[in-house]
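The values are calculated or read from the model by the stated rules, or taken from the named source; none is laboratory data. As the structure is a computational prediction, the values presented were derived from the model and not from experiment. Note: ideal-geometry Cβ built from the backbone for every residue, glycine included; neighbour counts use all protein chains shown.
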Amino acid sequence: MKHFFAITGIALATVFTSCTADVKQKNHYSSKIDSLVKVQNPRTFNGVVFIQQNGERKYERAYGYVDFNKKAPLKITDRFSTMSIAKQITATLILQEVEKGTIDLHKPIRQYLPDFKYAWADTVTVHHLLNHTSGLYSDELKSQLKFKTGTAFGYSNVGYSVAGMVLEKQSGKTFNVLVTALFKKCQMNDSSYPTETNSQLLAKGHTIRKDGSFEVNDRSDFVADNYFGSHLIVTAPDLAKWNESLHNGQLLKPETYKLMTGYSVTDTHQVFSEKPIGYGYGLRINDKADIYEIGHTGFHPSEGFTAVNLYYPKTKTSVIIMENVANENFDIAYYFEQEVRKIVMDSQLLNK
């Protein structure tokens, strides 16, 4: 009997140790992220990290302050600016109009904006605007183009402003109304189109100078024309709801979603890869990595926000990092976004 209990005890201990090891392995990404966001070099982290898989929250932490001067601590439910993550929301609304037949992706925008003063409206299409092959400059409408339309990739915020004009014209609704209805459909109850009232709920953006000093931005300098491509108000948990809705067939028909996530042009971005990856409609498509990845970044130093929204379809995993700081030293601007992504990519979460 003594031998039986001894063997049983060893067996139980082995099972317990094995289970503990499995738990540690599965949660290893949590401790790694916890350690990462505490580092001081090359910069400090101030924001939220939110990971959700198949509807289940796997990691949620808020670090730092809503306002550096007032030292109010951030919460996971605090509101941030999407920055350029807004582009996929605008693209989705346009594709919904495509499904209704009110917008043709491949017809010149002159058809929709007949009084537009620029000659390039005769050749630039909504397709070119959504995948940044229009040749428009980044932040200013000009009569000339950077390159011949359709021949190269050239990131353009103002291109999304023009796309937004087409969207409002063809839908007969304002972007505010369209975004509000879309967020309601996705149950994004804490997210919104920016207004004077709800902008007061936004976490303060902080510009971090190259010398290490900071400036608190009490208000956004963006205007409504910028919102199509650069500024909507969201929480990290709501952005995960957005991912679930967009990537699981709740917003677009399968063939339309395939258009959005397909690509005919590539571009590099340091968060994703040193090599070029695809750019669809408001989304970067990384089908070159070991784990298929869809995502987008957001960054604006003068506004004081940095963000990344990543989605891994195979495991239905969202990885969202939102900071209410933006560093003027672009070499380190996305440091934490890159490092969190590496941790998750190497974790058991995605490697099942």
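Would you be able to say whether some residue in the stretch 298-316 is touching a Ser or Thr at 6+ places or on another chain (Cβ under 6 Å), surrounded by 19 or more Cβ atoms within 10 Å (Cβ to Cβ) and on the phi > 0 side of the Ramachandran plot?
Taking every residue of the stretch 298-316 in turn, at least one turns out to be touching a Ser or Thr at 6+ places or on another chain (Cβ under 6 Å), surrounded by 19 or more Cβ atoms within 10 Å (Cβ to Cβ) and on the phi > 0 side of the Ramachandran plot.
What about Ile233, is it surrounded by 20 or more Cβ atoms within 10 Å (Cβ to Cβ) and within 25 Å of Asn351 (Cβ to Cβ)?
no
Quick check: anything in the stretch 279-289 modelled with pLDDT of 95 or more and under 24 Å from Asn217 (Cβ atoms)?
Among the residues of the stretch 279-289, not one is modelled with pLDDT of 95 or more and under 24 Å from Asn217 (Cβ atoms), which makes the answer no.
Exactly one condition in (1) in contact (Cβ under 8 Å) with a residue 40 or more places away in the chain; (2) of a type outside the set (Ser, Thr, Tyr); (3) over 18 Å from Leu349 (Cα atoms) is false for Gly278; which is it?
Of (1) in contact (Cβ under 8 Å) with a residue 40 or more places away in the chain; (2) of a type outside the set (Ser, Thr, Tyr); (3) over 18 Å from Leu349 (Cα atoms), only one is false for Gly278: (1).
For the stretch 66-101, name all the residues that are among the charged types (D, E, K, R), touching a residue at least 12 places away in the same chain (Cβ under 8 Å) and within 16 Å of Gly47 (Cα to Cα).
Asp67, Lys75, Asp78, Arg79
If the requirement is being surrounded by 18 or more Cβ atoms within 10 Å (Cβ to Cβ) and touching a Lys or Arg at 6+ places or on another chain (Cβ under 7 Å), which of these qualifies: Thr82, Thr125, Thr90?
After ruling out the rest, the residue left standing is Thr125.
Exactly one condition in (1) in contact (Cβ under 8 Å) with a residue 24 or more places away in the chain; (2) under 19 Å from Gln52 (Cβ atoms); (3) surrounded by fewer than 23 Cβ atoms within 10 Å (Cβ to Cβ) is false for Ala289; which is it?
(2)
Take the stretch 306-346 and flag every residue that is among the basic types (Lys, Arg) and outside any loop (DSSP other than H, G, I, E, B).
Arg341, Lys342
Collect the residues in the stretch 147-201 that are among the β-branched types (Val, Ile, Thr) and part of a helix (DSSP H, G or I), keeping them in residue-number order.
Matches in the stretch 147-201: Val158, Val162, Val166, Val177, Val179, Thr180.
Based on this model, can you work out whether Phe330 counts as more than 22 Å from Leu349 (Cα to Cα), more than 16 Å from the chain's Cα centre (by Cα) and either touching a residue at least 12 places away in the same chain (Cβ under 8 Å) or surrounded by fewer than 20 Cβ atoms within 10 Å (Cβ to Cβ) (or both)?
yes
So Asn157 passes all but one of these: (1) touching a residue at least 60 places away in the same chain (Cβ under 8 Å); (2) under 30 Å from Lys70 (Cβ atoms); (3) touching a helix residue (DSSP H, G or I) at 6+ places or on another chain (Cβ under 6 Å). Which condition number does it fail?
The one condition Asn157 does not meet is (2).
Quick check on the stretch 298-309. Is at least one of its residues more than 15 Å from Asn243 (Cα to Cα), acidic (Asp, Glu) and without any contact (Cβ under 8 Å) to a residue 24 or more places away in the chain?
Within the stretch 298-309, not a single residue is more than 15 Å from Asn243 (Cα to Cα), acidic (Asp, Glu) and without any contact (Cβ under 8 Å) to a residue 24 or more places away in the chain.
Name the single residue, out of those in the stretch 160-191 being in contact with a strand residue (DSSP E or B) (Cβ under 9 Å, 6 or more places away or on another chain) and touching a residue at least 60 places away in the same chain (Cβ under 8 Å), that is farthest from Arg110 (Cα to Cα).
Of everything passing the filter in the stretch 160-191, Asp190 is farthest from Arg110 (Cα to Cα).
Inspect all residues belonging to the stretch 197-219 and state whether any of them is among the hydroxyl-bearing types (Ser, Thr, Tyr), surrounded by 20 or more Cβ atoms within 10 Å (Cβ to Cβ), out of contact with any strand residue (DSSP E or B) (no Cβ under 6 Å at 6 or more places or on another chain) and at pLDDT below 95.
No, that holds for no residue.
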